[in-house]
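Right, one structure below, let's go through it.
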Amino acid sequence: MKRNKKIKTAIKRTIFLAFLLFSLFIGISLLAYQEQAENSSPTSSSPIISEEVKAYRPVVEKYAKQYDVSQHIDTLLAMMMQESGGRGDDPMQSSESYCGERGCIQDPQLSIKQGVYYFSQTLKEANGDLLVAVQSYNFGKGFINYMKKHSDQFSQEAAIIFSQEMYANDPDKEKYRCLRDGAEELGACYGDIYYVKSVMAYKDKLAEE
């Protein structure tokens, strides 16, 4: 009788363990499926290239050829996407490099011509370092000199430190908008500290299309 009771107890334990393992397997499978569904969802934060930017490709190609940077057309389009989404009269936001202040360019063709030219200059002065050239398009050429003195290659840390120094040294803090999340907390409101990251994400998206 005791033997039968032990056997029944052992069977119950075996069934319980099997049920527990089965439940665990089902739970893991559901979590994996949910994660896969979220990653493939159309609502994921995948970069989107606007139709306005795509429409400007022939113009960018024209000036990229003129200034000998044809191998960087997707980079230039990605920069335009980050700057304006291809909208407005100054889609490359190149007024400051053209006349020293915002808003002086009101012609998209001139904006793109100046933007491509300025990029070609930053690329040349950065000795072909694409990431430094891209960040310098946003920060200005002072970033190139900073990199030559302080670092061998671009890094997010270098961009933040440069922004912090420029922001700290400017007595007129009111002109800075600190648009990037966390920039104000870091004291890095000069320019866009994540400019390279955003541009490269758009460039990767363009390469897929």
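The values are calculated or read from the model by the stated rules, or taken from the named source; none is laboratory data. On a predicted model such as this, the values are computed, not experimentally measured, just so you know. As a convention, Cβ positions derive from the backbone with ideal geometry for all residues, glycine included, and neighbour counts pool all protein chains shown. We work out accessible area using only protein heavy atoms, side chains counted, and drop any ligands, DNA or RNA first. Shrake-Rupley method; radii C 1.70, N 1.55, O 1.52, S 1.80 Å.
Couple of notes before you dig in:
- Single residue of Ser136, Ser120, Ser111, Ser151 found to be out of contact with any Lys or Arg (no Cβ under 9 Å at 6 or more places or on another chain) and more than 27 Å from Tyr56 (Cα to Cα): Ser151
- Enumeration of residues in segment 176-209 that are under 8 Å from the mean Cα position of the chain (by Cα) and hydroxyl-bearing (Ser, Thr, Tyr): Tyr194, Tyr195, Ser198, Tyr202
- Applying the condition of being of a type outside the set (A, V, I, L, M, F, W, C) and closer than 27 Å to Ser50 by Cβ to segment 169-189 and asking which residue is most open to solvent (accessible area, probe 1.4 Å) yields Arg177.
- Against the conditions (1) of a type outside the set (Gly, Ala, Ser); (2) open to solvent by 50 Å² or more (accessible area, probe 1.4 Å); (3) touching a residue at least 40 places away in the same chain (Cβ under 8 Å), Met166 satisfies every one except (3).
- Matching residues in segment 97-155 - criterion: being in contact with a helix residue (DSSP H, G or I) (Cβ under 6 Å, 6 or more places away or on another chain) and among the polar types (S, T, N, Q): Ser97, Gln114, Thr122, Gln135, Ser136, Asn138, Ser151
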